[in-house]
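**Q** What follows is a single structure, and I will ask about it in a moment.
The values are calculated or read from the model by the stated rules, or taken from the named source; none is laboratory data. A quick note: this is a predicted structure, and the numbers were derived from the prediction, not measured. As a convention, Cβ positions derive from the backbone with ideal geometry for all residues, glycine included, and neighbour counts pool all protein chains shown. Note: areas computed on protein heavy atoms with side chains; ligands, DNA, RNA excluded. Shrake-Rupley method; radii C 1.70, N 1.55, O 1.52, S 1.80 Å.
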Amino acid sequence: MTYDVCVIGLGRVGLPLALSFAEAGLSVLGVDNDPDVLAALRERRMPFKEPGTDELLARADLALSHRAADGAQARSIVLTLGTPSFSHIEIDMGDIRSVLDDLLPLLQEDHLVVLRSTVAPGTTAFVAGYLEKHRGFTVGEDVFVAHVPERIAADRFLAEIGTLPCIVGGVGEASGERAAELFAPLGAPIVQTTPVQAELAKIWTNIFRYATFALPNLLMMDCERYDANVFEVIELINRDYPRGGIGQPGLTAGTCLRKDFTFSEERSNAPGMLLAVSRVHESVPLFLVDGVKRRLGGGLRERKVAVLGLAFKADTDDERDSLSHKLIRLLERELADVAVHDPVVATPTSGFEEAIGDADVVIVATNHSAFVRPEALRAIAERAGADCLVVDPWNALGTGQVFAYVSEVVALRA
Ligand SMILES: NC(=O)c1ccc[n+]([C@@H]2O[C@H](COP(=O)([O-])OP(=O)(O)OC[C@H]3O[C@@H](n4cnc5c(N)ncnc54)[C@H](O)[C@@H]3O)[C@@H](O)[C@H]2O)c1
(Lines give C-alpha, C1' and ligand atoms only; values in the text may rest on other atoms or scores of the structure.)
Protein backbone atom coordinates (compact mmCIF):
# COMPACT_ATOMS: atom_id res chain seq x y z
CA MET A 1 0.00 0.00 0.00
CA THR A 2 1.29 3.46 -0.92
CA TYR A 3 -0.37 5.43 1.91
CA ASP A 4 -1.22 4.83 5.56
CA VAL A 5 -4.57 6.55 5.21
CA CYS A 6 -6.82 8.10 2.60
CA VAL A 7 -9.45 10.68 3.57
CA ILE A 8 -12.27 10.89 1.01
CA GLY A 9 -14.18 14.20 1.16
CA LEU A 10 -11.90 17.16 2.02
CA GLY A 11 -14.63 19.36 3.51
CA ARG A 12 -14.83 20.94 6.94
CA VAL A 13 -14.49 17.56 8.62
CA GLY A 14 -12.20 15.71 6.22
CA LEU A 15 -9.54 18.32 5.49
CA PRO A 16 -8.58 19.19 9.10
CA LEU A 17 -8.52 15.44 9.81
CA ALA A 18 -6.27 14.69 6.82
CA LEU A 19 -3.92 17.51 7.92
CA SER A 20 -3.88 16.16 11.48
CA PHE A 21 -2.99 12.66 10.27
CA ALA A 22 -0.16 14.16 8.20
CA GLU A 23 1.01 16.21 11.19
CA ALA A 24 1.07 13.01 13.26
CA GLY A 25 3.48 11.47 10.74
CA LEU A 26 1.14 9.30 8.65
CA SER A 27 1.41 9.24 4.86
CA VAL A 28 -1.89 10.69 3.66
CA LEU A 29 -3.84 10.78 0.41
CA GLY A 30 -6.70 13.30 0.30
CA VAL A 31 -9.51 12.80 -2.22
CA ASP A 32 -12.17 15.27 -3.29
CA ASN A 33 -14.10 15.49 -6.54
CA ASP A 34 -14.51 19.26 -6.32
CA PRO A 35 -11.82 20.82 -8.57
CA ASP A 36 -11.97 24.10 -6.63
CA VAL A 37 -11.06 22.33 -3.40
CA LEU A 38 -8.10 20.57 -5.03
CA ALA A 39 -6.93 23.77 -6.76
CA ALA A 40 -6.97 25.66 -3.44
CA LEU A 41 -5.01 22.91 -1.70
CA ARG A 42 -2.42 22.74 -4.49
CA GLU A 43 -1.86 26.46 -3.87
CA ARG A 44 -1.62 25.67 -0.14
CA ARG A 45 -4.74 27.74 0.54
CA MET A 46 -7.44 26.62 2.97
CA PRO A 47 -10.85 26.64 1.20
CA PHE A 48 -12.50 27.72 4.47
CA LYS A 49 -11.55 29.17 7.85
CA GLU A 50 -10.51 26.79 10.63
CA PRO A 51 -8.09 28.20 13.22
CA GLY A 52 -4.57 26.77 13.03
CA THR A 53 -5.04 24.77 9.84
CA ASP A 54 -3.22 27.26 7.56
CA GLU A 55 0.02 26.40 9.36
CA LEU A 56 -0.66 22.66 9.10
CA LEU A 57 -1.42 22.96 5.39
CA ALA A 58 1.76 24.97 4.78
CA ARG A 59 3.92 22.11 6.06
CA ALA A 60 1.78 19.06 5.24
CA ASP A 61 2.96 16.46 2.79
CA LEU A 62 -0.52 15.72 1.47
CA ALA A 63 -1.00 13.75 -1.76
CA LEU A 64 -4.19 14.69 -3.62
CA SER A 65 -6.56 12.99 -6.05
CA HIS A 66 -10.03 13.55 -7.47
CA ARG A 67 -10.79 9.83 -7.82
CA ALA A 68 -12.37 7.97 -4.91
CA ALA A 69 -11.04 4.72 -6.39
CA ASP A 70 -7.49 5.91 -5.59
CA GLY A 71 -8.43 5.55 -1.94
CA ALA A 72 -7.75 1.82 -2.27
CA GLN A 73 -4.04 2.69 -2.40
CA ALA A 74 -4.19 3.36 1.34
CA ARG A 75 -4.37 0.75 4.09
CA SER A 76 -7.10 2.73 5.86
CA ILE A 77 -9.85 4.66 4.07
CA VAL A 78 -11.82 7.30 5.99
CA LEU A 79 -15.08 8.56 4.48
CA THR A 80 -15.87 12.17 5.44
CA LEU A 81 -18.58 12.77 2.86
CA GLY A 82 -21.66 14.90 3.33
CA THR A 83 -24.80 13.14 4.57
CA PRO A 84 -27.71 15.53 4.07
CA SER A 85 -31.31 14.70 4.80
CA PHE A 86 -33.95 14.41 2.12
CA SER A 87 -36.83 16.81 2.69
CA HIS A 88 -38.98 13.82 3.58
CA ILE A 89 -36.93 13.07 6.74
CA GLU A 90 -34.64 10.34 5.49
CA ILE A 91 -30.85 10.20 5.32
CA ASP A 92 -29.40 10.86 1.86
CA MET A 93 -26.52 8.39 1.57
CA GLY A 94 -25.94 9.13 -2.12
CA ASP A 95 -22.31 10.26 -1.74
CA ILE A 96 -21.41 7.34 0.54
CA ARG A 97 -23.02 4.81 -1.84
CA SER A 98 -21.26 6.34 -4.83
CA VAL A 99 -17.80 6.24 -3.20
CA LEU A 100 -18.36 2.69 -1.91
CA ASP A 101 -19.20 1.59 -5.44
CA ASP A 102 -15.98 3.19 -6.74
CA LEU A 103 -13.92 1.43 -4.08
CA LEU A 104 -15.72 -1.91 -4.16
CA PRO A 105 -13.79 -3.67 -6.95
CA LEU A 106 -10.44 -2.49 -5.56
CA LEU A 107 -10.78 -3.38 -1.89
CA GLN A 108 -8.36 -6.01 -0.67
CA GLU A 109 -7.90 -8.06 2.47
CA ASP A 110 -6.67 -5.99 5.43
CA HIS A 111 -8.33 -2.76 4.26
CA LEU A 112 -10.02 -0.68 6.96
CA VAL A 113 -13.02 1.47 5.97
CA VAL A 114 -13.99 4.13 8.51
CA LEU A 115 -17.24 6.08 8.36
CA ARG A 116 -16.49 9.50 9.86
CA SER A 117 -19.62 11.14 8.43
CA THR A 118 -22.67 11.48 10.65
CA VAL A 119 -25.04 8.66 9.76
CA ALA A 120 -28.42 7.21 10.70
CA PRO A 121 -28.36 4.24 13.11
CA GLY A 122 -27.66 1.03 11.19
CA THR A 123 -25.59 2.65 8.41
CA THR A 124 -22.27 1.12 9.53
CA ALA A 125 -23.89 -2.33 9.56
CA PHE A 126 -25.23 -1.56 6.07
CA VAL A 127 -21.71 -0.67 4.81
CA ALA A 128 -20.27 -3.87 6.29
CA GLY A 129 -23.11 -5.91 4.78
CA TYR A 130 -22.60 -4.20 1.42
CA LEU A 131 -18.93 -5.25 1.33
CA GLU A 132 -19.81 -8.81 2.35
CA LYS A 133 -22.66 -9.08 -0.15
CA HIS A 134 -20.75 -7.73 -3.15
CA ARG A 135 -17.23 -8.99 -2.44
CA GLY A 136 -17.74 -12.01 -0.23
CA PHE A 137 -15.50 -10.61 2.55
CA THR A 138 -16.06 -11.44 6.19
CA VAL A 139 -15.96 -8.04 7.86
CA GLY A 140 -13.95 -8.15 11.07
CA GLU A 141 -11.71 -10.91 9.64
CA ASP A 142 -10.67 -10.09 6.04
CA VAL A 143 -11.53 -6.40 5.94
CA PHE A 144 -12.49 -4.02 8.70
CA VAL A 145 -15.27 -1.45 9.08
CA ALA A 146 -15.84 1.06 11.87
CA HIS A 147 -17.79 4.22 12.66
CA VAL A 148 -15.63 6.89 14.28
CA PRO A 149 -17.94 9.91 14.50
CA GLU A 150 -16.76 13.51 14.49
CA ARG A 151 -18.10 15.63 17.36
CA ILE A 152 -15.83 18.66 17.10
CA ALA A 153 -17.49 22.05 16.68
CA ALA A 154 -16.57 24.35 13.81
CA ASP A 155 -13.59 26.56 14.73
CA ARG A 156 -12.56 24.15 17.50
CA PHE A 157 -10.92 21.38 15.46
CA LEU A 158 -7.31 21.67 16.56
CA ALA A 159 -8.34 22.54 20.12
CA GLU A 160 -10.40 19.35 20.44
CA ILE A 161 -9.00 16.68 18.08
CA GLY A 162 -6.40 15.63 20.66
CA THR A 163 -8.66 15.75 23.72
CA LEU A 164 -12.31 15.02 22.90
CA PRO A 165 -12.91 11.29 23.52
CA CYS A 166 -12.69 9.47 20.18
CA ILE A 167 -15.66 7.11 19.96
CA VAL A 168 -14.87 3.95 17.97
CA GLY A 169 -17.66 1.59 16.92
CA GLY A 170 -16.01 -1.33 15.14
CA VAL A 171 -17.83 -4.14 13.34
CA GLY A 172 -16.27 -6.87 15.46
CA GLU A 173 -13.39 -6.47 17.89
CA ALA A 174 -10.66 -6.49 15.24
CA SER A 175 -12.29 -3.60 13.33
CA GLY A 176 -12.40 -1.57 16.55
CA GLU A 177 -8.73 -2.31 17.20
CA ARG A 178 -7.71 -1.31 13.67
CA ALA A 179 -9.65 1.95 13.88
CA ALA A 180 -8.20 2.71 17.32
CA GLU A 181 -4.69 2.12 15.94
CA LEU A 182 -5.41 4.62 13.13
CA PHE A 183 -6.74 7.38 15.41
CA ALA A 184 -4.36 6.82 18.36
CA PRO A 185 -1.59 9.09 16.94
CA LEU A 186 -4.01 12.04 17.17
CA GLY A 187 -3.78 11.74 20.95
CA ALA A 188 -7.42 11.67 22.14
CA PRO A 189 -8.59 8.93 24.52
CA ILE A 190 -10.22 6.11 22.53
CA VAL A 191 -13.59 4.78 23.71
CA GLN A 192 -14.62 1.46 22.16
CA THR A 193 -18.28 0.62 21.62
CA THR A 194 -20.55 -0.99 19.04
CA PRO A 195 -21.24 0.66 15.67
CA VAL A 196 -24.88 1.45 16.43
CA GLN A 197 -24.00 2.94 19.83
CA ALA A 198 -21.39 5.15 18.17
CA GLU A 199 -24.00 6.26 15.63
CA LEU A 200 -26.55 6.99 18.35
CA ALA A 201 -24.02 8.80 20.54
CA LYS A 202 -23.14 11.15 17.69
CA ILE A 203 -26.62 12.04 16.52
CA TRP A 204 -27.94 12.36 20.08
CA THR A 205 -25.04 14.68 20.97
CA ASN A 206 -26.52 17.03 18.38
CA ILE A 207 -30.17 16.27 19.18
CA PHE A 208 -29.48 17.18 22.80
CA ARG A 209 -28.08 20.56 21.75
CA TYR A 210 -30.85 21.20 19.23
CA ALA A 211 -33.60 20.40 21.76
CA THR A 212 -31.84 22.39 24.50
CA PHE A 213 -31.75 25.56 22.37
CA ALA A 214 -35.42 25.16 21.38
CA LEU A 215 -36.57 25.92 24.93
CA PRO A 216 -35.26 29.50 25.20
CA ASN A 217 -36.50 30.14 21.66
CA LEU A 218 -39.98 28.92 22.57
CA LEU A 219 -39.82 31.01 25.73
CA MET A 220 -38.83 34.07 23.65
CA MET A 221 -42.00 33.63 21.55
CA ASP A 222 -44.10 33.08 24.68
CA CYS A 223 -42.70 36.27 26.22
CA GLU A 224 -43.74 38.26 23.16
CA ARG A 225 -47.31 37.01 23.64
CA TYR A 226 -47.34 38.23 27.26
CA ASP A 227 -45.32 41.38 26.66
CA ALA A 228 -42.59 40.04 28.93
CA ASN A 229 -38.82 40.37 28.57
CA VAL A 230 -37.24 36.99 27.79
CA PHE A 231 -33.81 37.98 29.09
CA GLU A 232 -35.28 39.03 32.43
CA VAL A 233 -37.31 35.79 32.68
CA ILE A 234 -34.21 33.71 31.92
CA GLU A 235 -32.29 35.63 34.55
CA LEU A 236 -35.07 34.90 37.07
CA ILE A 237 -35.00 31.19 36.18
CA ASN A 238 -31.23 30.81 36.40
CA ARG A 239 -30.25 33.11 39.25
CA ASP A 240 -28.76 31.02 42.07
CA TYR A 241 -30.87 28.04 41.03
CA PRO A 242 -28.90 24.90 41.80
CA ARG A 243 -30.51 22.51 39.31
CA GLY A 244 -29.19 23.57 35.93
CA GLY A 245 -30.24 26.51 33.85
CA ILE A 246 -31.90 27.47 30.59
CA GLY A 247 -29.83 28.76 27.65
CA GLN A 248 -30.22 31.95 25.66
CA PRO A 249 -32.34 32.42 22.54
CA GLY A 250 -30.90 32.82 19.05
CA LEU A 251 -31.09 31.58 15.48
CA THR A 252 -30.22 27.89 15.78
CA ALA A 253 -29.40 25.85 12.69
CA GLY A 254 -26.22 24.90 10.74
CA THR A 255 -25.46 21.81 8.68
CA CYS A 256 -25.37 19.46 11.64
CA LEU A 257 -28.12 20.60 14.01
CA ARG A 258 -30.57 21.33 11.24
CA LYS A 259 -30.53 17.80 9.80
CA ASP A 260 -28.98 15.31 12.23
CA PHE A 261 -32.23 14.99 14.22
CA THR A 262 -33.87 13.53 11.11
CA PHE A 263 -31.60 10.50 11.38
CA SER A 264 -33.50 9.58 14.54
CA GLU A 265 -36.84 10.91 13.38
CA GLU A 266 -36.89 8.75 10.23
CA ARG A 267 -37.60 5.67 12.38
CA SER A 268 -38.77 7.18 15.64
CA ASN A 269 -41.28 5.40 17.87
CA ALA A 270 -42.42 8.80 19.10
CA PRO A 271 -42.58 10.69 15.85
CA GLY A 272 -43.16 14.36 16.23
CA MET A 273 -41.19 15.49 19.25
CA LEU A 274 -38.03 16.33 17.35
CA LEU A 275 -40.03 17.70 14.45
CA ALA A 276 -41.60 20.09 16.95
CA VAL A 277 -38.12 21.09 18.14
CA SER A 278 -37.17 21.79 14.54
CA ARG A 279 -40.38 23.77 13.97
CA VAL A 280 -39.54 26.01 16.94
CA HIS A 281 -36.13 26.92 15.50
CA GLU A 282 -37.40 27.21 11.96
CA SER A 283 -40.14 29.64 12.99
CA VAL A 284 -37.77 32.11 14.70
CA PRO A 285 -37.07 34.11 11.50
CA LEU A 286 -40.82 34.54 10.86
CA PHE A 287 -41.33 35.43 14.53
CA LEU A 288 -38.76 38.22 14.15
CA VAL A 289 -40.26 39.51 10.89
CA ASP A 290 -43.79 39.49 12.36
CA GLY A 291 -42.51 41.29 15.47
CA VAL A 292 -40.96 43.99 13.30
CA LYS A 293 -44.15 44.38 11.23
CA ARG A 294 -46.28 44.74 14.34
CA ARG A 295 -44.05 47.46 15.72
CA LEU A 296 -43.52 49.42 12.51
CA GLY A 297 -47.12 49.23 11.34
CA GLY A 298 -47.85 49.60 7.65
CA GLY A 299 -45.61 46.76 6.48
CA LEU A 300 -41.99 46.61 5.39
CA ARG A 301 -42.32 47.65 1.77
CA GLU A 302 -39.34 49.82 0.86
CA ARG A 303 -38.26 50.02 4.49
CA LYS A 304 -34.52 49.49 4.85
CA VAL A 305 -33.66 46.44 6.95
CA ALA A 306 -30.02 45.69 7.77
CA VAL A 307 -29.28 42.04 8.52
CA LEU A 308 -26.04 41.59 10.47
CA GLY A 309 -24.55 38.11 10.02
CA LEU A 310 -24.90 35.39 7.41
CA ALA A 311 -22.97 32.62 9.18
CA PHE A 312 -24.86 29.95 11.10
CA LYS A 313 -22.99 30.74 14.32
CA ALA A 314 -20.60 33.26 15.82
CA ASP A 315 -17.25 33.84 14.14
CA THR A 316 -17.41 30.97 11.66
CA ASP A 317 -17.40 31.55 7.88
CA ASP A 318 -19.77 28.59 7.41
CA GLU A 319 -23.12 29.89 6.19
CA ARG A 320 -24.53 26.55 5.07
CA ASP A 321 -27.95 25.94 6.55
CA SER A 322 -27.87 29.29 8.33
CA LEU A 323 -31.26 30.75 9.24
CA SER A 324 -30.02 34.18 8.11
CA HIS A 325 -30.85 33.18 4.56
CA LYS A 326 -34.38 32.24 5.52
CA LEU A 327 -34.74 35.54 7.38
CA ILE A 328 -33.55 37.48 4.31
CA ARG A 329 -35.95 35.59 2.03
CA LEU A 330 -38.85 36.38 4.36
CA LEU A 331 -37.90 40.07 4.47
CA GLU A 332 -37.66 40.17 0.68
CA ARG A 333 -41.14 38.66 0.46
CA GLU A 334 -42.31 41.70 2.45
CA LEU A 335 -40.70 43.90 -0.27
CA ALA A 336 -38.23 45.32 2.27
CA ASP A 337 -34.93 46.81 1.04
CA VAL A 338 -32.50 44.37 2.64
CA ALA A 339 -28.83 45.22 3.25
CA VAL A 340 -26.55 42.49 4.56
CA HIS A 341 -23.26 42.72 6.40
CA ASP A 342 -21.08 39.85 7.62
CA PRO A 343 -17.43 40.47 8.52
CA VAL A 344 -16.40 36.79 8.40
CA VAL A 345 -18.01 34.85 5.51
CA ALA A 346 -16.51 34.65 2.01
CA THR A 347 -19.73 35.84 0.32
CA PRO A 348 -19.36 39.53 -0.54
CA THR A 349 -21.61 41.72 1.65
CA SER A 350 -21.95 45.45 2.31
CA GLY A 351 -19.69 47.15 4.82
CA PHE A 352 -21.06 47.61 8.36
CA GLU A 353 -21.60 51.35 8.10
CA GLU A 354 -23.15 51.10 4.65
CA ALA A 355 -25.56 48.37 5.79
CA ILE A 356 -26.77 50.21 8.89
CA GLY A 357 -26.83 53.68 7.31
CA ASP A 358 -30.40 55.08 7.43
CA ALA A 359 -31.80 51.66 8.31
CA ASP A 360 -35.35 51.49 9.67
CA VAL A 361 -34.56 48.13 11.23
CA VAL A 362 -31.31 46.38 12.19
CA ILE A 363 -31.50 42.65 12.87
CA VAL A 364 -28.59 40.80 14.49
CA ALA A 365 -28.84 37.39 12.84
CA THR A 366 -25.43 36.07 13.94
CA ASN A 367 -23.75 36.94 17.22
CA HIS A 368 -20.30 37.53 15.71
CA SER A 369 -17.83 39.04 18.20
CA ALA A 370 -17.66 42.13 15.98
CA PHE A 371 -21.24 42.96 17.05
CA VAL A 372 -20.70 42.24 20.75
CA ARG A 373 -19.04 45.58 21.38
CA PRO A 374 -20.49 48.85 22.70
CA GLU A 375 -19.21 50.61 19.55
CA ALA A 376 -21.57 48.54 17.39
CA LEU A 377 -24.70 49.88 19.11
CA ARG A 378 -23.26 53.39 19.18
CA ALA A 379 -22.61 53.23 15.44
CA ILE A 380 -26.21 52.12 14.83
CA ALA A 381 -27.46 55.02 16.95
CA GLU A 382 -25.36 57.43 14.93
CA ARG A 383 -25.85 56.13 11.41
CA ALA A 384 -29.37 54.68 11.40
CA GLY A 385 -32.48 56.79 11.93
CA ALA A 386 -33.30 57.81 15.52
CA ASP A 387 -36.38 55.58 15.31
CA CYS A 388 -34.42 52.56 14.11
CA LEU A 389 -35.74 49.32 15.57
CA VAL A 390 -32.99 46.99 16.75
CA VAL A 391 -33.85 43.28 16.74
CA ASP A 392 -31.39 41.14 18.63
CA PRO A 393 -32.50 37.68 19.82
CA TRP A 394 -28.90 37.01 20.97
CA ASN A 395 -28.64 40.20 23.05
CA ALA A 396 -25.30 40.63 21.26
CA LEU A 397 -25.59 44.43 21.30
CA GLY A 398 -26.50 44.43 24.98
CA THR A 399 -29.89 46.11 24.61
CA GLY A 400 -31.45 43.51 26.93
CA GLN A 401 -34.52 43.29 24.68
CA VAL A 402 -35.32 41.27 21.57
CA PHE A 403 -37.00 44.33 19.99
CA ALA A 404 -35.83 47.77 21.06
CA TYR A 405 -35.81 51.27 19.56
CA VAL A 406 -32.24 52.39 19.41
CA SER A 407 -33.03 55.87 20.74
CA GLU A 408 -34.54 54.33 23.91
CA VAL A 409 -31.71 51.94 24.66
CA VAL A 410 -28.96 54.41 23.94
CA ALA A 411 -30.73 57.07 26.06
CA LEU A 412 -31.15 54.54 28.87
CA ARG A 413 -27.47 53.72 28.84
CA ALA A 414 -26.25 57.32 28.56
N1 LIG B 1 -19.18 20.55 9.46
C2 LIG B 1 -19.14 20.12 10.70
O3 LIG B 1 -18.84 20.89 11.58
C4 LIG B 1 -19.44 18.66 11.05
C5 LIG B 1 -19.24 18.25 12.36
C6 LIG B 1 -19.47 16.92 12.70
C7 LIG B 1 -19.90 16.04 11.73
N8 LIG B 1 -20.12 16.45 10.45
C9 LIG B 1 -20.55 15.45 9.47
O10 LIG B 1 -19.40 15.12 8.69
C11 LIG B 1 -19.79 14.86 7.35
C12 LIG B 1 -19.05 15.80 6.40
O13 LIG B 1 -19.43 17.13 6.70
P14 LIG B 1 -18.68 18.38 6.07
O15 LIG B 1 -19.24 19.58 6.70
O16 LIG B 1 -17.20 18.16 6.12
O17 LIG B 1 -19.18 18.26 4.55
P18 LIG B 1 -18.61 19.01 3.30
O19 LIG B 1 -19.71 19.09 2.33
O20 LIG B 1 -17.87 20.25 3.74
O21 LIG B 1 -17.49 18.00 2.74
C22 LIG B 1 -17.76 16.90 1.94
C23 LIG B 1 -16.72 16.88 0.82
O24 LIG B 1 -16.90 15.67 0.09
C25 LIG B 1 -16.67 15.93 -1.28
N26 LIG B 1 -17.28 14.87 -2.08
C27 LIG B 1 -18.60 14.64 -2.33
N28 LIG B 1 -18.75 13.55 -3.10
C29 LIG B 1 -17.50 13.08 -3.34
C30 LIG B 1 -16.99 11.98 -4.11
N31 LIG B 1 -17.80 11.16 -4.76
N32 LIG B 1 -15.65 11.78 -4.16
C33 LIG B 1 -14.81 12.63 -3.51
N34 LIG B 1 -15.23 13.70 -2.78
C35 LIG B 1 -16.56 13.90 -2.71
C36 LIG B 1 -17.28 17.32 -1.48
O37 LIG B 1 -16.73 17.96 -2.63
C38 LIG B 1 -16.92 18.03 -0.19
O39 LIG B 1 -15.69 18.77 -0.29
C40 LIG B 1 -21.30 14.99 7.32
O41 LIG B 1 -21.85 13.72 7.55
C42 LIG B 1 -21.57 15.92 8.47
O43 LIG B 1 -22.88 15.73 8.97
C44 LIG B 1 -19.89 17.75 10.09
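**Q** Kindly indicate which of 337, 315, 321 is open to solvent by 10 Å² or more (accessible area, probe 1.4 Å) and more than 27 Å from residue 230 (Cα to Cα). Write out each step before concluding.
**A** Values: 315 fails: more than 27 Å from residue 230 (Cα to Cα); 321 fails: more than 27 Å from residue 230 (Cα to Cα).
Only one candidate passes the filter, namely 337.
**Q** Consider residue 214 against the criteria (1) assigned to a helix (DSSP H, G or I); (2) open to solvent by 50 Å² or more (accessible area, probe 1.4 Å); (3) within 30 Å of residue 161 (Cβ to Cβ); (4) away from the ligand (no atom under 16 Å from the Cβ): it satisfies all of them except one. Which criterion is unmet?
**A** (2)
**Q** Something else: Of 8, 89, which residue is of a type outside the set (Asp, Glu) and near the ligand (Cβ under 10 Å from one of its atoms)? It would help to see each step written out before you state the result.
**A** Working: 89 fails: near the ligand (Cβ under 10 Å from one of its atoms).
Every option except 8 fails the conditions.
**Q** What helices (runs of 4 or more DSSP H) lie completely within the range 121-210 and have 2 or more residues being more than 23 Å from the chain's Cα centre (by Cα) and crowded, with 17+ Cβ neighbours inside 10 Å?
**A** On the way: elements: 123-135, 157-160, 173-183.
Correct list: 123-135, 173-183.
**Q** Let me spell it out: the conditions are (1) near the ligand (Cβ under 9 Å from one of its atoms); (2) open to solvent by 40 Å² or more (accessible area, probe 1.4 Å); (3) over 20 Å from residue 195 (Cβ atoms); (4) in contact (Cβ under 8 Å) with a residue 60 or more places away in the chain, and residue 13 meets all of them except one. Which number is the exception?
**A** Residue 13 satisfies every listed condition except (3).
**Q** From 62, 81, which residue is under 20 Å from the mean Cα position of the chain (by Cα) and open to solvent by 20 Å² or more (accessible area, probe 1.4 Å)?
**A** Details: 62 fails: under 20 Å from the mean Cα position of the chain (by Cα).
Exactly one of 62, 81 is under 20 Å from the mean Cα position of the chain (by Cα) and open to solvent by 20 Å² or more (accessible area, probe 1.4 Å), namely 81.
**Q** Would you mind telling me which numbered condition in (1) in contact with a strand residue (DSSP E or B) (Cβ under 8 Å, 6 or more places away or on another chain); (2) within 27 Å of residue 176 (Cβ to Cβ); (3) surrounded by fewer than 20 Cβ atoms within 10 Å (Cβ to Cβ) residue 74 fails?
**A** (3)
**Q** Still on this structure: Looking at the structure I just gave you, is residue 18 within 18 Å of residue 77 (Cβ to Cβ), in a helix (DSSP H, G or I), more than 9 Å from the ligand (Cβ to nearest atom) and more than 22 Å from the chain's Cα centre (by Cα)?
**A** On the way: within 18 Å of residue 77 (Cβ to Cβ): yes; in a helix (DSSP H, G or I): yes; more than 9 Å from the ligand (Cβ to nearest atom): yes; more than 22 Å from the chain's Cα centre (by Cα): no.
No: the conditions fail for residue 18.
**Q** As an exercise: evaluate residue 92 against (1) open to solvent by less than 30 Å² (accessible area, probe 1.4 Å); (2) in contact with a strand residue (DSSP E or B) (Cβ under 6 Å, 6 or more places away or on another chain); (3) closer than 28 Å to residue 265 by Cα and give the number of the one condition it does not meet.
**A** Result: residue 92 fails condition (1) only.
**Q** Just one of the numbered conditions (1) out of contact with any Cys (no Cβ under 7 Å at 6 or more places or on another chain); (2) without any contact (Cβ under 8 Å) to a residue 40 or more places away in the chain is not true of residue 380; which one?
**A** (1)
**Q** Taking residue 350 as the residue in question, decide whether it is open to solvent by less than 30 Å² (accessible area, probe 1.4 Å) and away from the ligand (no atom under 16 Å from the Cβ).
**A** Details: open to solvent by less than 30 Å² (accessible area, probe 1.4 Å): no; away from the ligand (no atom under 16 Å from the Cβ): yes.
For residue 350, the condition - open to solvent by less than 30 Å² (accessible area, probe 1.4 Å) and away from the ligand (no atom under 16 Å from the Cβ) - is not met.
**Q** Looking at the range 390-401, which of its residues are within 19 Å of residue 293 (Cα to Cα) and crowded, with 23+ Cβ neighbours inside 10 Å? Reasoning before the result, please.
**A** Just the residues of the range 390-401 that are within 19 Å of residue 293 (Cα to Cα), to begin with: 390-393, 401.
390, 391, 392, 393, listed by residue number.
**Q** Do you know which of the residues in the range 217-232 that are open to solvent by less than 50 Å² (accessible area, probe 1.4 Å) and either assigned to a loop (DSSP other than H, G, I, E, B) or among the basic types (Lys, Arg) (or both) is nearest to the ligand (Cβ to nearest atom)?
**A** In the first step, residues of the range 217-232 are kept if they are open to solvent by less than 50 Å² (accessible area, probe 1.4 Å); the result is 217, 219-221, 223-224, 228-231.
Checking which are either assigned to a loop (DSSP other than H, G, I, E, B) or among the basic types (Lys, Arg) (or both) leaves us with 228-229.
Working: 228: 35, 229: 33 Å.
Once the filter is applied, the top-ranked residue is 229.
**Q** Here are some residues: 240, 260. Which one is of a type outside the set (Val, Ile, Thr) and open to solvent by 60 Å² or more (accessible area, probe 1.4 Å)? Show your work before the answer.
**A** On the way: 260 fails: open to solvent by 60 Å² or more (accessible area, probe 1.4 Å).
Testing whether each residue is of a type outside the set (Val, Ile, Thr) and open to solvent by 60 Å² or more (accessible area, probe 1.4 Å) leaves just 240.
**Q** Out of the helices (runs of 4 or more DSSP H) lying entirely within the range 234-327, which hold 1 or more residues that are away from the ligand (no atom under 16 Å from the Cβ), closer than 23 Å to residue 370 by Cα and touching a helix residue (DSSP H, G or I) at 6+ places or on another chain (Cβ under 9 Å)? Give the steps one after another, and end with the answer.
**A** Numbers: elements: 257-260, 262-265, 273-296.
Ranges flagged: 273-296.
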